[in-house]
Amino acid sequence: MSPAAAEPTRVSAMAEQTYSWAYSLVDSSQVSTFLISILLIVYGSFRSLNMDFENQDKEKDNSSSSGSFNGNSTNNSIQTIDSTQALFLPIGASVSLLVMFFFFDSVQVVFTICTAVLATIAFAFLLLPMCQYLTRPCSPQNKISFGCCGRFTAAELLSFSLSVMLVLIWVLTGHWLLMDALAMGLCVAMIAFVRLPSLKVSCLLLSGLLIYDVFWVFFSAYIFNSNVMVKVATQPADNPLDVLSRKLHLGPNVGRDVPRLSLPGKLVFPSSTGSHFSMLGIGDIVMPGLLLCFVLRYDNYKKQANGDSCGASGPANISGRMQKVSYFHCTLIGYFVGLLTATVASRIHRAAQPALLYLVPFTLLPLLTMAYLKGDLRRMWSEPFHSKSSSSRFLEV
């Protein structure tokens, strides 16, 4: 074959390879990962904001004095991360990762049971609004007493019962879809109940977790002769029913046919051909989700403080269109671009990628830039939810 005749063949082959590579980025598993992760962040952020509104209404009912909206809720069930916790959280996560890497066989049953309990509570929280909608027409919202266990509404009992049923079916079948449902509940619950109080804490936390993610994905193999992050994330655990059957000597046909369990610390979606799964850790959803929850609360606070004229106090050289762009939408777009970049990088390198390496810069940098341009950076950095009148009483250092 002459060189002139071979050239179109090579061009055609390159075009086919490019098409196949581009098509692999938009297969069903990747699209599902993108959509579900963004929906979980949006839903968890608005659940968090709704909890603030509910707590604000309760405070107004319990006290005759009315105050301005405070972004830091006084609800005891909500955990606010401070600077010290943000600095030490990556260290604690690293210790937990090493424990799971070296002693997984010893602690897998305990870890599976604890994860199942947390997933049950989290999924019940995820189902609660739907159950409240279903039970509202047929039953009053009175709480039923269960002695020392507490008082619960019919909607709470229904959501918890459905969650327990789903966990039991997951233990019996080990199906990936049920594992994803439990992981979704964990994502929404953590985004709703954990708060970042300021942009400074957000930067400390996300920067530390970026270093944590990069080290354990890229450099752990040089020290431990194995990719610690990938091995822990993909290693299945023994089914508690199988372990219980062997401990009690119940016989070979009792509890021995249950599958090993892939723990709900990640979202997995199969491709349309079933040839592979796309995987995204819940930390890659929750940690950027906490930042998006923070900026959503700040957008709402600023909207209330400015009387629905968000950005009216910004610099004069910033256009009105820029002032109308919310921090939440800007950061959410950055999350989408970062997730897309991480997907492209994993396809190019054909290896697992630390998603936070791409998600953190694409969410934090646009947010910091927009806050600087709007003149909100100083307030968002330290005390974003304190009014100017109260903060002016103190000497700024």
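Throughout, read-outs are computed from the coordinates displayed, never taken from laboratory work. Everything numeric here is computed off the predicted structure, so don't read it as measured data. Positions of Cβ are generated from backbone atoms using ideal geometry, with glycine treated the same way; all protein chains shown enter the neighbour counts.
Once the chain from V325 to I121 is taken as fully extended at 0.36 nm per residue, the excess over their C-alpha distance is 69.8 nm. Among rounded, prolate and oblate, which fits the stretch 83-127 when a ≥ b ≥ c are the square roots of the eigenvalues of its C-alpha gyration tensor, a/c under 1.5 means rounded, and a/b larger than b/c means prolate? Oblate, because a/c is 1.5 or more while a/b does not exceed b/c. What value does the stretch 102-241 have for Rg/Rh, both radii from Cα atoms and Rh as Kirkwood defines it? Checking Rg against Rh, the ratio lands at 1.07. Residue ranges 331-344, 156-169 sort as 331-344, 156-169 when ordered by packing (mean number of other C-beta atoms within 10 Å per residue, highest first). Taking a sphere under 15 Å around the Cβ of Q108 and counting the other residues whose Cβ falls inside, with K and R at +1 and D and E at -1, yields a net charge of +1.
For K231, the lysines whose Cα falls under 22 Å of its own Cα, not counting residues fewer than eight places away in the same chain, are K266.
Can you pick out the pairs among K302/K324; K58/K143; K60/K302; K58/K200 whose Cα atoms lie more than 23 Å from each other? Over 23 Å apart, Cα to Cα: K58/K200.
Modelled spin labels at D105 and K247, positioned 7 Å past Cα toward Cβ, are 1.8 nm from each other.
Give me the log10 of I(q) over I(0) for the stretch 167-305 at q = 0.08, 0.10, 0.13, 0.14 Å⁻¹, as the Debye formula computes it from C-alpha points; what are the numbers? Normalising to I(0) and taking log10 leaves -0.34, -0.51, -0.78, -0.86.
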